[in-house]
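Below: the structure, in structure tokens.
The values are calculated or read from the model by the stated rules, or taken from the named source; none is laboratory data. Being a predicted model, the structure only gives us computed values, none of them experimental. Glycine gets a Cβ as well: all are built from the backbone with ideal geometry, and neighbour counts include every protein chain shown. These area figures cover heavy atoms from the full protein model, side chains too; ligands, DNA and RNA do not enter into them. Shrake-Rupley method; radii C 1.70, N 1.55, O 1.52, S 1.80 Å.
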2 protein chains.
Amino acid sequence: MAANLIAAGYHLTVYNRTTSKVDPLVAKGAHRAARAGDVAHPGGIVVSMLADDASVRALVAGEDALAEHLAPDGIHISMSTVSPATTRELAEHHASKGSVMVAAPVFGRPNAAQAKQLRICVSGSSEAKAKVRPILEAMGNEVFDFGENPEAANVVKLAGNFMIAAALEAMGEAVTMMRKSGVDPGAALEMLGKTIFAAPVYQGYGPIIAHGRFTPAGFRLPLGMKDIELVLQTAREANVPMPTASLLRDRFVSAIAKGRDEMDWSAIALGAADDAGIKE
Amino acid sequence: MAANLIAAGYHLTVYNRTTSKVDPLVAKGAHRAARAGDVAHPGGIVVSMLADDASVRALVAGEDALAEHLAPDGIHISMSTVSPATTRELAEHHASKGSVMVAAPVFGRPNAAQAKQLRICVSGSSEAKAKVRPILEAMGNEVFDFGENPEAANVVKLAGNFMIAAALEAMGEAVTMMRKSGVDPGAALEMLGKTIFAAPVYQGYGPIIAHGRFTPAGFRLPLGMKDIELVLQTAREANVPMPTASLLRDRFVSAIAKGRDEMDWSAIALGAADDAGIKE
């Protein structure tokens, strides 16, 4: 994503906890920051992409104090998949310090990010969104605006990831039923992926699940677990029972209990096979 | 489907319990049979599309005795969505009488059938499949062969319908979470249907679920209930627990309990909204 910004002509100051990770960007002309807080200056624009809520909170309101360093009028484009509650809290913190936070979580794996094929969901102040739009467009192939409520884009991102995980579980159950009924699940998922389910989720994960190719991981299983926890937390706050999400949570817990941490999150599909007495 | 066969140049003898339903076909030159058994003659080919297992069983092995009327060497193309166990039993009955049954269930709603856009899954004897292939191609836009085992195509059809129902439930839960979190579910499902879920199932049902447009029914809810029962029965025979299918069954039972029989099967998505205290 940073490389695409450089390619689009932006001058970047970059930071990663693992210094070596920014070396390729520095080689392309980016300036290396010694600390995360150093990427920000008053009125500037900062893009963050981090692993979890705690990391984003530490960046914005902790020692790095991004919200203060960007004031007055700087914008923080928060692209991590975090809870809507965290986004709400941090957007308020930004506002209290005189800066602005825009949520812009993405759909797409690392290869999509490289190819500038990310789908970006954005929400927050209209003025800030208009200002950062060219930056988002330099990182993705389409930007979808979900309004002024800063947490809206995070809700949509979680809904999407929940729907993907639900599709993984459904494929896992269907594949197990077909396999134990003497039917080739690979051929069946291929047919479905060409017809009524002709979408990236099914075309990408169908062969992985039918043929049990869960390594190398495109998206590690514990990250999927984190997202389902965020879904259930968001649903709990809105008083929404989500039985499929609860089932998915147990599939993730069980997959981790069985030592599948290094597999792709689609390995939750093995739960149905295990339950049906199929040995790995 | 029959009209497309006539358009392709086939001379049909047609039968429906409701006589008036075949009038348009008779007007196009089809011959009207007085009883179901009368559509068959020795060595002929019969296409059947019926509502449930009992109807197909009555046609093949009951008073109508299709298996006998087709002998020797006639072929019955059974296109109904029935259980693999019924197909196995009836294929054996056909064989015992000297005729052949080929399973050819379809994906596609009535409008797809009219437009010759059905996706047809076929399984059974290779010789019989080769003979009926032009007939199948006159009714659909693609034919997928799942081998010699006559019940295989029915297993695939049930797996596909299960995956559709699982997607309906996932959309129902996601839409409810979004609505109660203050996010427009219509815009979110539209985005997902253009990107990672760019497939007919999500593009077709997404707006129906987001906007609650469950009538008129494209596929009536009790028919979906029947299919999920067939999925669970097939899974039980193969010793495969399918927790998502069990959850779906309860959603269908509840929808029927609430008087939603005349709605489209996607109205199972209302279960998540009901549970979250949303009034219709």
Summarise the partner chain shielding of B:148-157 as one whole number: the mean count of Cβ atoms from other chains within 10 Å of each residue's Cβ. 4
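Which pairs break 30 Å Cα to Cα here: A:LYS129/B:LYS194; A:LYS194/B:LYS180; B:LYS180/B:LYS258? All intermediate terms of the calculation are to be shown ahead of the outcome.
Numbers: A:LYS129/B:LYS194 22 Å; A:LYS194/B:LYS180 34 Å; B:LYS180/B:LYS258 22 Å.
Cα-Cα > 30 Å for A:LYS194/B:LYS180; rest within.
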Subtracting the Cα-Cα distance from 0.36 nm times the residue separation, let me have the gained length for B:ALA115 to B:SER20 in nm, one decimal. 32.0 nm
Rounded to the nearest 10 Å², the 1.4 Å probe accessible area of B:LYS194 is 110 Å²
For the range B:184-267, take every pair of Cα atoms, bin their distances at 5 Å starting from 0, and report each bin as a whole percent. 3, 15, 19, 18, 19, 16, 8, 2, 0
Which log10 I(q)/I(0) values does the range A:125-183 give at q = 0.14, 0.21 Å⁻¹ under the Debye formula, counting every alpha carbon as one identical point scatterer? -0.59, -0.87
Going by average Cβ density within 10 Å per residue, which order do the peptides A:97-109, B:155-167 take, highest to lowest? B:155-167, A:97-109
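Work out which helices of chain A, taken as complete DSSP H runs, extend at least 27 Å along their axis over the Cα atoms and score a mean Kyte-Doolittle of -0.5 or more, then list them.
Working: long enough: A:152-180 (42 Å, 0.75).
Counting only whole DSSP H runs, the qualifying helices are A:152-180.
Carbon-plus-sulfur fraction of the accessible area of the range B:102-255, 1.4 Å probe, in percent?
On the way: 2740 of 5290 Å².
Taking all protein chains in place, the range B:102-255 shows 52 percent carbon and sulfur surface.
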Using only the Cα atoms of the protein assembly as shown, each taken as one equal point scatterer with no solvent, compute I(q) by the Debye sum, divide by I(0), and report log10 of the ratio at q = 0.11 Å⁻¹. -0.97
Longest to shortest principal axis, alpha-carbon extents of the range A:1-125, angstrom: 36, 29, 24
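Going highest first, how would you order B:214-220, A:90-96 by mean Cβ packing within 10 Å? The partial results should precede the final answer.
On the way: B:214-220: 15.3, A:90-96: 19.0.
Averaged packing, sorted descending, gives the order A:90-96, B:214-220.
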Please report, for B:ALA130, the nm distances (one decimal) from its label point, 7 Å out from Cα along the beta-carbon direction, to the equivalent points in the remaining copies, shortest first. 7.0
Between A:ALA85 and A:GLU148, with labels modelled 7 Å along Cα→Cβ, what's the label distance in nm to one decimal, could you check? 2.6 nm
Taking a probe of 1.4 Å and counting only protein heavy atoms, give the total accessible area buried between chains A and B in Å², rounded to the nearest 100. 4800 Å²
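If you take the beta carbon distance between A:ASN4 and B:PHE219 as r and set R0 to 41 Å, what does 1/(1 + (r/R0)^6) give as a FRET efficiency, to the nearest 0.05?
Values: r = 44 Å, r/R0 = 1.07.
The calculated FRET efficiency here is 0.40.
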What whole-number value in Å² describes the accessible area per residue of the range A:1-157 for a 1.4 Å probe? 45 Å²
Working with all protein chains in place, sort B:SER246, B:SER48 by solvent-accessible area computed with a 1.4 Å probe, largest first. B:SER246, B:SER48
Translational diffusion coefficient of chain B at 4 °C, 1.567 mPa s, Stokes-Einstein with Kirkwood Rh over Cα pairs, in µm²/s as a whole number. 65 µm²/s
What are the residues whose amide H is under 5 Å from the amide H of A:VAL46, where those residues sit 5 or more places off or on another chain and H is modelled from the backbone? A:ILE75, A:HIS76, A:ILE77
Residue mean of other protein chain beta carbons inside 10 Å, B:199-207: 4
Within 10 Å of each Cβ of A:140-147, how many other protein chain Cβ atoms are there on average? 3
For an R0 of 25 angstrom, estimate the FRET efficiency from the Cβ-Cβ distance between A:GLU137 and A:GLU237 and round to the nearest 0.05. 0.20
Look at the axis of the rotation that sends chain B onto chain A, then give the chain B residue with the nearest Cβ and the distance in whole Å. B:ALA199, 2
Quick one: putting +1 on the C-beta of Lys and Arg, -1 on the C-beta of Asp and Glu, what dipole do you get for chain B around its Cα centre, in Debye to the nearest 20? 580 debye
So with the 1.4 Å probe, I'd like the accessible area per residue for the range B:189-280, rounded to whole Å². 42 Å²
